[in-house]
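Chemist: Before anything else, here's the structure in question.
The values are calculated or read from the model by the stated rules, or taken from the named source; none is laboratory data. Just so it is clear, the model here is predicted, and its values are computed rather than measured. Glycine also receives a Cβ, built like all others from the backbone with ideal geometry; neighbour counts cover every protein chain displayed.
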């Protein structure tokens with residue numbers, strides 16, 4: 001059983017408003033990480049002109065953040081268990097703020113890349129700390145449902161919001177604000193978590209973290225949820241990349257217009273997580289809800305891939321994005337809950353790191369795979385076809401690949417049990433929402 005000493009402060013326990021603010025502060029920290037995975041994408045052309053960024057260093061502005069983030073997640077998750085999730089969250093958030101300030105002040109490309117790598121290091125500590133705080137601080141079924149609905153919405157739409165914010169900041173301020181904005185967000189999140197959450201205890205026992213990792217993966221429900229998350233995020237990362245190129249290259253949109261074009265996807269993620277999943281989960285078996293939601297997202301991906309240069313945004317791309325967002329948002333909320341259900345406080349950081357690492361790995365592979373499919377589709381276009389049409393055709397091939405990944409995730413989710421192992425787990429998950 002989870003320790004009863006973990007949660008909001010006694011005063012906050014009777015105050016729904018303080019509970020909501022505490023949850024919002026955790027989500028704000030996680031949102032910052034999701035934004036930074038994509039916020040620099042639409043700013044890269046401006047960064048190139050401002051710093052004289054070479055073609056060789058250009059991809060490292062993104063990869064320098066993602067690689068240490070992914071590689072350090074498991075040891076960082078175990079460190080969070082040892083330090084205590086609250087302390088680890090504060091260290092990760094404040095370190096991320098400092099690294100962001102350094103990146104925003106960078107005068108040379110190597111300095112920017114180094115700052116982005118430092119962001120990735122602290123992100124590896126912050127991400128599992130945030131998810132584990134949600135898992136151990138919100139234990140009652142209704143609270144847990146609300147908490148994971150918020151967290152699922154962040155996971156589903158954070159990347160798209162990063163593209164929106166990156167476009168807005170690049171157009172109306174300066175690309176450096178894509179990094180400077182993290183300082184204010186991290187400070188606000190840290191102050192809220194520090195004031196509203198009782199510090200969870202440090203690890204309740206010592207031992208080899210690899211033994212704990214075997215133990216966590218022995219749970220079949222957790223394994224299936226983690227693998228479904230990896231496949232879904234692989235598809236989403238690739239679709240983000242494809243849509244960015246479609247808007248900027250095929251349709252000739254500006255960075256700002258490209259960012260704003262992702263708003264339907266963000267809205268769909270919020271609706272799917274906070275409304276659809278919370279309402280259906282008490283009445284629908286988790287495997288049916290997740291599988292159906294991912295199937296909806298797969299249909300939306302096919303619809304996205306059928307867009308051409310002249311396709312209407314309002315009648316074609318926007319509803320297609322909305323479908324993808326609703327499907328992913330509806331799936332991620334129960335997936336996160338299943339992946340962390342029933343873990344002890346001293347294992348919550350490592351369990352959270354597992355699902356986050358799966359997402360990072362899936363995202364990296366998915367972006368590379370769908371980019372390769374897009375290139376293959378362009379190469380097979382008939383000779384003499386206009387470049388925009390060839391690009392759109394390649395994107396259609398890649399979007400079909402994304403739909404297949406989502407279909408595979410849906411099939412994987414169908415192998416979830418009808419309910420989590422054990423009567424208590426079944427009652428808890430079925431009561432959520």
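Chemist: Taking residue 53, is it in a loop (DSSP other than H, G, I, E, B) and over 16 Å from residue 350 (Cα atoms)? So that I can check it myself, show each step before the final result.
Modeler: Details: in a loop (DSSP other than H, G, I, E, B): yes; over 16 Å from residue 350 (Cα atoms): yes.
Spelling it out, residue 53 is indeed in a loop (DSSP other than H, G, I, E, B) and over 16 Å from residue 350 (Cα atoms).
Chemist: Kindly list the number of the only condition in (1) in contact with a strand residue (DSSP E or B) (Cβ under 9 Å, 6 or more places away or on another chain); (2) surrounded by 24 or more Cβ atoms within 10 Å (Cβ to Cβ) that fails for residue 196.
Modeler: If we test residue 196 against (1) in contact with a strand residue (DSSP E or B) (Cβ under 9 Å, 6 or more places away or on another chain); (2) surrounded by 24 or more Cβ atoms within 10 Å (Cβ to Cβ), just (2) comes out false.
Chemist: So, in the stretch 129-173, of the ones that are in a loop (DSSP other than H, G, I, E, B) and touching a residue at least 60 places away in the same chain (Cβ under 8 Å), which residue ends up surrounded by the fewest Cβ atoms within 10 Å (Cβ to Cβ)?
Modeler: The qualifying residue surrounded by the fewest Cβ atoms within 10 Å (Cβ to Cβ) is 139.
Chemist: Taking the condition touching a residue at least 60 places away in the same chain (Cβ under 8 Å), within 24 Å of residue 167 (Cβ to Cβ) and buried (at least 18 other Cβ atoms within 10 Å of the Cβ), does residue 308 pass?
Modeler: No: the conditions fail for residue 308.
Chemist: Please specify each residue of the stretch 100-117 satisfying the condition of being crowded, with 20+ Cβ neighbours inside 10 Å and under 20 Å from the mean Cα position of the chain (by Cα).
Modeler: Listed by number, the residues that qualify are 100, 116.
Chemist: Looking only at residues that are in a loop (DSSP other than H, G, I, E, B) and surrounded by fewer than 18 Cβ atoms within 10 Å (Cβ to Cβ) in the stretch 205-239, which one is modelled with the highest pLDDT?
Modeler: 218
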